[in-house]
Structure formats: structure tokens, C-alpha cells
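Worksheet: one structure, shown below.
The values are calculated or read from the model by the stated rules, or taken from the named source; none is laboratory data. Just so it is clear, the structure is predicted and the values come from calculations on it, not from any experiment. Cβ placement follows ideal geometry from the backbone for every residue including glycine, while neighbour counts extend to all protein chains displayed. Surface accessibility is based on the protein's heavy atoms, side chains included, excluding ligands, DNA and RNA. Shrake-Rupley method; radii C 1.70, N 1.55, O 1.52, S 1.80 Å.
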Amino acid sequence: MTHFADELVQSDDWSDLSRFKDMPEIDFDRMHRYRIGRIRDELKRNGAAMCVLVSPISLRYAVDYRSYALFQSHIPTTYLFVPQEGPVVIHGLYGPPPAMVDEIRPNRALSYFDGGPVLGESASLLADDVVNFLGEIGTDNRRVAVEYVNPSLTLALNHRGLDVIDGVLISEQARVIKSIDEVACIQWAVDVAQLGIAKLKQALKPGVSELQLWGLLNYTNLANNGDWHDGRMLASGPRINPWLQEASPRRVESGDLVGFDTDMIGPFGYFADISRTLHCGPAKPTKRQRDVYQLAAAEIAHNLDLVRPGVSFAEFQDRAFPVPEEYRENAYTCVVHAVGMCDEYPRINPGYRGANPYDGVIESGMVLCVESYMGAQGETGVGVKLEQQVLVTDDGYKLLSTYPLEEALME
């Protein structure tokens, strides 16, 4: 496998998807106007004058700011002021300014790395900046939405008479309905992920390690200017049950099942979330492996048929595939969830684990992932993870993930 991987990189004539497939038509200016418009609409709906956005996903969505996203996720340094009406201001910029930013200003410390024991003093200065910005945009609205920050900032804002609400009410809800350009970005990310899956399947032979297989997915994403994977969810043989184990140095053996979940933030910052379970030859699949695989495929097919606008989360949960008792303990955490630039609202949990924590309805323009994991509690070496990514349309859904199911396991 090492020789094979070396050749893939040194003589790489396969990883650039645009050499073999035309990219969908994407109007980036229109997409950016749509996204900032969605944020402003949510500010109006929640009666907030502005939001302070900190999450790297929110920065990408609002102004296509991409720099040091993983660093930003745990040591936040850059943040945005986005008002209902007025200039979008970025603080603490790294690299060239995004075109949709109106102004660049210095930042205040948000992390202990930058602020240390005087973090509270920095929060006080940032609260002053917010108050001054409200004056600049000429509003007497004192409600502000603040995303993922320290309690010291909330206290400082409250001390200045501001009504603070959770910024995720703005940023997450804005992302729920995708524009046609966003859907095109998502489809391209999915196509890149499926190119990586095809190469992973090509490399699947006895002796290859889980980490080497995962590396092919990661390499394909990076080669197409994608970003990262939220996890390294790949397991084989005795590690495939229970699920949610990340890739290890274990070497695959003949007859093993190999399952994975891409969880990929791909090109343009959009998410490709596809799960497949493959079989490693030359040994033939066992009847038990085929039976469990086909049970997972049946769950996916059943729940896909429920996807249509107007179906409530409670109704979906009630009508979802009846998972046999022996598989419930190890079943996946949800039966369906949304995606966009990452895993997103909503998610619907299995009914046998209790009522969903919230209700709502499936809407046209959502992008959903339908999930299945089948692995009987206490059974070693037999477990199957499958997942399909779909666009909700006016009359049902469109399948975005088209990589085929494992033929040898469907026989």
C-alpha cells in the first residue's frame, strides 16, 4: 500500500476533479448576497440590531472568511459585526480582506491565549466597541446577538444596558434554507468526496491500514481546495462494532467490513457527509454480513421515502424505520440531520430513545442526511454504516450522494 500511495501522489493524474467533470455553474456574488441577506433577515426576525459572529463557520458563511479556521475554532481571534442595516466590520483580520467586508478594525482578546488573566478587561473594551458601533449605525435598539464567547463579555454588555441573545439563533437559522448556488457548491463537495471514496475502494486490500485509507479521503479533499474533516470516522474488522471509532493503525484483513463517514468540509466550505461500508476481498462476504448490510440499506430506503416538505420532525420520528431491538443499543445518534457548511439544524433522533427535543417541519431547500448504523450489541466484526445526502425539493428529494452501495453485500 505504501508503494501504491507513493505512486498516487508522485504521479497524481486523478485527484483534480475538474479535469474530469465540469463544475456546476455558481454565481458567487449572488450566493454571498443571499447569505448576508439571510443573516440580516434573522436579525430582524429576532429584533436584534446586530450580531457578533465568532464561529469559523459563521465567518465563512457571512463574508467568505477562511483563514486559520481550525485555529479560530479553539483560539478565536477574528470576529464580525453584522448589523441589520449598515457596514459589515471585521476585527482581527488575517490575510487579504474578503470583498464583502466594508471595514477592517483591530480586535480585542477573546481567548485566554491572547487575554490571559486580563480577559475581563478585554471584554469590557469589546463591550464599549459594540455600544459605539450601535451609535455609528444610528440605532436605539439595544438588543445584540453574540455567538460563542466568554461569559465576561455577556456580563460587560449587560452592564452597559444591552439585551444579549444567543448569536446562534441568528447564524444557525440563517443557514437552514440553501440557495441554488449553495446547492451547487454542496454537490461539488459531494462529488469530490465520492472521488476520494472511489480511490479508497481501489486501495482496499489486505494489509492496508485504516489510516492509509483515510489519508486518501483527506488528500482528495485538499487536492480540490477543500478544508478539513470533522472526524476520522473509519473502522474495520473487529473495530466496526460499535460505531464512532476513529481510524487507527490497524491493518485490514481479507473478509473485513470497512465502514467510514466522510464528515468533510470540502470546496467552498460546504459539507459532504456520506457513509459507506465496503467489503475487503478476496474472501467472500458471509451471509451475516450481507443480512446486516441489507438491513441498513432497508432503513435508508424507508426513511428516504419520508423526506418531503411539510413532514414534521415528530411525524418523521414516528414513521421512521422500525429498527429491530437487538440493534437499538448501538444505533446511530440520529436518523436524519441537516448539513450545509457542517452538521446543522435540524436533527431527528430515533423514536425509541424518546421524543425529539424540539419539533418543526422539513422544508424545501434543506439539505438532509439520512443515517443508518446496524450493529448488534456484543457482536464482533459485523456492523454497517450507511448515509445518503439529499436536497429537499418541492415534491420530495433529490439524491446528491450517488456512490453505489456495495454490490457484493447486496446480493
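Could you give the length gained on full extension between Asn46 and Leu304, defined as 0.36 nm per residue of separation minus the Cα-Cα distance, in nm? Walk me through the intermediate numbers first.
Numbers: separation 258, 0.36 × 258 = 92.88 nm, distance 3.30 nm.
Extending this stretch completely gives an extra 89.6 nm.
Averaged over its residues, the chain has an accessible area of 42 Å² per residue, based on protein heavy atoms and a 1.4 Å probe.
Nothing charged except the Cβ atoms of Lys and Arg (+1) and of Asp and Glu (-1): what's the magnitude of the dipole of segment 84-161 about its Cα centre? Round to the nearest 20 debye.
Using Cβ point charges on Lys, Arg, Asp and Glu, segment 84-161 gives about 200 debye.
The mean sequence distance of close C-alpha pairs (under 8 Å, at least 6 residues apart), as a share of the length of segment 261-411, puts its relative contact order at 32 percent.
Each Lys and Arg contributes +1 and each Asp and Glu -1, all at the Cβ; summed about the Cα centre of the chain, the dipole is approximately 360 debye.
Computed 3J(HN,Hα) for segment 390-404, one whole-Hz value per residue from the Karplus formula 6.51 cos²θ - 1.76 cosθ + 1.60 where θ = phi - 60°, is 9, 9, 6, 9, 5, 10, x, 8, 10, 6, 9, 8, 10, 4, x, glycine and proline marked x. Estimated purely from DSSP H runs of n ≥ 4, each contributing -39500 (n - 2.57), the mean residue ellipticity at 222 nm for the chain is -11000 deg cm²/dmol once divided by its residues. Extension gain, Asp163 to Glu121: 0.36 nm times the residue separation minus the Cα-Cα distance gives 13.1 nm. Listed by number, the DSSP H helices of the chain that run 27 Å or longer by alpha-carbon position along their axis and have mean Kyte hydropathy of at least 0.5 are 180-203.
With point charges of +1 on the Cβ of Lys and Arg and -1 on the Cβ of Asp and Glu, referenced to the Cα centre of the chain, which listed residue (Gln389, Gln245, Ala127) lies farthest in the positive direction of the dipole? The one lying farthest along the dipole's positive direction is Gln245. Computed in the context of the full set of protein chains, the accessible area of the chain at 1.4 Å probe radius has 52% of its extent on carbon or sulfur. Coupling constants for segment 11-19 follow from the phi torsions by the Karplus curve (6.51 cos²θ - 1.76 cosθ + 1.60, θ = phi - 60°), and in residue order they are 10, 6, 10, 10, 7, 7, 4, 5, 6 Hz; glycine and proline get x. Computed from label points 7 Å out along Cα-Cβ, the spacing between Lys287 and Thr333 is 3.7 nm. What is the ratio of the Cα radius of gyration of segment 86-242 to 2.2 N^0.38 Å, with N the residue count, to two decimals? Its radius of gyration relative to the 2.2 N^0.38 Å reference: 1.49. Dividing the mean sequence gap of close Cα pairs (under 8 Å, 6+ apart) by how many residues segment 1-152 holds gives a relative contact order of 22 percent.
Applying a DSSP loop filter and a limit of 15 other Cβ atoms within 10 Å to the chymotrypsin sites (Phe, Trp or Tyr not before Pro) in segment 37-91 leaves Tyr68. Over 18 Å apart at the Cα level, from the set Lys21/Lys398; Lys201/Lys385; Lys21/Lys178, are Lys21/Lys398; Lys21/Lys178. Using the Cβ-Cβ distance between Arg33 and Leu211 with R0 set to 35 Å, the FRET efficiency works out to roughly 0.25. Could you work out, for the chain, what percent of all Cα-Cα pairs fall into each 10 Å distance bin, beginning at 0 Å and stopping at the bin that holds the largest distance? With a bin width of 10 Å, the distribution comes to 5, 21, 27, 24, 16, 6, 1, 0. When the Gaussian network model of the chain links Cα atoms closer than 10 Å, the mean-square fluctuations of Leu399, Leu53, Leu304 top out at Leu399. The slack between Ala408 and Glu103, meaning 0.36 nm per residue of separation minus the straight C-alpha distance, is 104.1 nm. Considering only Ile265, Ile75, Ile170, the mean-square fluctuation computed in a Gaussian network model of the chain, springs between alpha carbons under 10 angstrom, is largest for Ile75. GNM remark for the chain: springs join alpha carbons under 10 Å apart, and the peak mean-square fluctuation among Glu326, Glu172, Glu371 falls on Glu326.
Where in segment 48-62 is the amide nitrogen less than 19 Å from a point lying 7 Å along the Cα-to-Cβ axis of His74? The answer is 54-58, whose backbone nitrogens lie closer than 19 Å to the label point.
Taking 7 Å steps out from each Cα toward its Cβ at Asp394 and Glu246 produces label points 4.5 nm apart. Computed on segment 144-239, with alpha-carbon pairs under 8 angstrom and 6+ residues apart, the relative contact order is 20 percent.
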